[in-house]
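Novice: This is the structure, below, for whatever I ask next.
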Amino acid sequence: MITEPPPPRQGSKEAGKPLMSKSSWLLVFIATVGLSVIVSTPAIERLNKGDRHQCSAYVSAPAGVTLIAHAGGGLKQGDYSNSKEALDQSAANGFILFELDFNWTSDGELAIVHDWKDEYRYWNNLGWSEWLASFYAVPSSVSLQASAPNFGLTRLTLDTLIEWLRTNPGQVVTDFKTDNIEGLALIASRAGSLQHRFIPQIYDVSEYSAVRELGYKEVILTTYRLPPSEESYRQIDELDLFAVTVPKDQVGDAAGIISNNRIFTHTINAPVNLPATGYYTDCLIPVETGNGA
């Protein structure tokens, strides 16, 4: 504990003169706190853990529901890993639709990660300086690759994802956090003959034509960035879509309006019956699999 130094004795040469300025004391305090965290490396893990959905069991979804593995699928360590192991587990459980999150590094490289704050810190083994920097700036691709994934998992890149698709069935549903059209154009240019294995999510009717022009045949419009309204649902339902995805608290309203397209919802981790034909999920598995644990 840092305390103020005792006042100098009256009559001494230092009387009335502080031994250290306030700014210097602040620097000492910050350095001391930083050192204590560095010495106690588990502190970062405790700070990162937070509240997250961990799949302690995998149970069958209601019959007839299409399932999309959310962020690759939930693991016992938590959700949002976007890892190869999550894809492998979901594929083994009978999934053929895998949603993944895409983001951009500070130097413009594409990364498969949900966000550069909570999930980046939790799923990657960051040093103290990298962990602290993540509160202020997006990491570069070099910084990302320098960090080891936690729990022995395998980080995905666009190239390794495409290779995974070459040896596994199914399609990837994209969720770009920013610059959606730019990211989908990059995937189209890199995926080649496997472009049809990607189902882009769009976030507004205005993106539909641009995505079709990129050569994508199946498109999901997800509404979580839009204010729900009868007018917007009717406008969306005029499009030829793979599905319309709405938050679970809006499924009832959407089901009363949307009739030309399927309705999906997120994120559902219990076998409930909703007026939606598809669930994004961490812990449910297709009923046909029958191998819940």
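The values are calculated or read from the model by the stated rules, or taken from the named source; none is laboratory data. Worth saying up front: this structure is predicted, and the values here are computed from it rather than measured. A quick note on method: Cβ atoms are made from the backbone with ideal geometry, for glycine too, and the neighbour counts reach across all protein chains shown. The accessibility values were calculated without ligands, DNA or RNA, using every heavy atom of the protein model including side chains. Shrake-Rupley method; radii C 1.70, N 1.55, O 1.52, S 1.80 Å.
Novice: Where only protein heavy atoms count, and the probe is 1.4 Å, what is the accessible area per residue for segment 131-178 in Å²?
Specialist: 48
Novice: Still on this structure: Can you bin segment 118-184 into rounded, prolate or oblate? Criterion: square roots of the alpha carbon gyration tensor eigenvalues sorted a ≥ b ≥ c, rounded for a/c under 1.5, prolate for a/b above b/c, oblate for the rest.
Specialist: Details: a/c = 2.54, a/b = 1.53, b/c = 1.66.
Oblate shape, in that a/c is at least 1.5 and b/c is the bigger or equal ratio.
Novice: Could I ask something else about it? I'd like the Karplus ³J(HN,Hα) series for segment 235-245: coefficients 6.51, -1.76, 1.60, θ = phi - 60°, whole numbers in Hz, and an x wherever there's a Gly or Pro.
Specialist: Result, rounded to whole Hz: 5, 5, 5, 6, 7, 8, 10, 5, 5, 10, 9.
Novice: Starting from the 7 Å offset along Cα-to-Cβ, what nm value, one decimal, do you get for the label separation of Ser140 and Asn273?
Specialist: Going from the Ser140 label point to the Asn273 one covers 5.7 nm.
Novice: Turning to a different aspect of this structure: List the GluC sites (Glu not before Pro) in segment 207-293 that DSSP assigns to loop (not H, G, I, E or B) and whose Cβ has at most 13 other Cβ atoms within 10 Å. Which are they?
Specialist: On the way: sites: Glu207, Glu213, Glu218, Glu230, Glu231, Glu238, Glu288; in loops: Glu218, Glu238, Glu288.
Qualifying residues, ordered by number: Glu238, Glu288.
Novice: Around Ala111, which amide H atoms from residues at least 5 apart in sequence, or from another chain, sit under 5 Å from its own amide H, with H modelled in the peptide plane?
Specialist: Here the answer is Asn103, Trp104, Thr105, since their amide H atoms fall under 5 Å of that of Ala111.
Novice: Quick one: Karplus J couplings for segment 166-182, per residue in order, coefficients 6.51, -1.76, 1.60, θ = phi - 60°, nearest Hz, x for Gly and Pro?
Specialist: Along segment 166-182, the couplings run 5, 10, 9, x, x, 9, 9, 8, 8, 9, 7, 7, 8, 6, 4, 5, 4 Hz.
Novice: Enumerate the calculated ³J(HN,Hα) couplings along segment 144-159 in order (Karplus 6.51 cos²θ - 1.76 cosθ + 1.60, θ = phi - 60°), each rounded to whole Hz, writing x wherever the residue is Gly or Pro.
Specialist: So the J values, rounded to whole Hz, are 4, 5, 6, 8, 8, x, 6, 6, x, 7, 10, 6, 8, 10, 4, 5.
Novice: Can you give me the % of accessible surface on segment 107-185 that is carbon or sulfur? Probe 1.4 Å, all protein chains present, nothing else counted. Intermediate values should be presented prior to the final figure.
Specialist: On the way: 2030 of 3670 Å².
Looking at segment 107-185 in its full context, I get 55 percent from C and S.
Novice: Just add up the charged neighbours of Arg262: K/R +1, D/E -1, any other residue whose Cβ is under 14 Å from the Cβ of Arg262.
Specialist: Here the charged neighbours net out to -3.
Novice: What FRET efficiency comes out for the pair Ile96/Glu230, r = Cβ-Cβ distance, R0 = 30 Å, nearest 0.05? Could you put the intermediate results ahead of the total?
Specialist: On the way: r = 33 Å, r/R0 = 1.10.
The pair Ile96/Glu230 has a calculated efficiency of 0.35.
Novice: What net charge do the residues around Leu186 carry, taking every other residue with its C-beta under 11 Å from that of Leu186, with Lys and Arg at +1 and Asp and Glu at -1? Present the calculation step by step, with values, prior to reporting the outcome.
Specialist: Numbers: positive: Arg190; negative: Glu109, Asp179, Glu182.
Once positives and negatives cancel, what remains is -2.
Novice: Give the long-range amide H neighbours of His266: residues separated by 5 or more places, or on another chain, with amide H under 5 Å away, using H modelled in the peptide plane at 1.01 Å from N.
Specialist: Val246, Lys248, Tyr280
Novice: Between Thr66 and residues 5 or more places away or on another chain, which pairs have amide H atoms under 5 Å apart, with H built 1.01 Å from N, and which residues are they?
Specialist: Gly278, Tyr279
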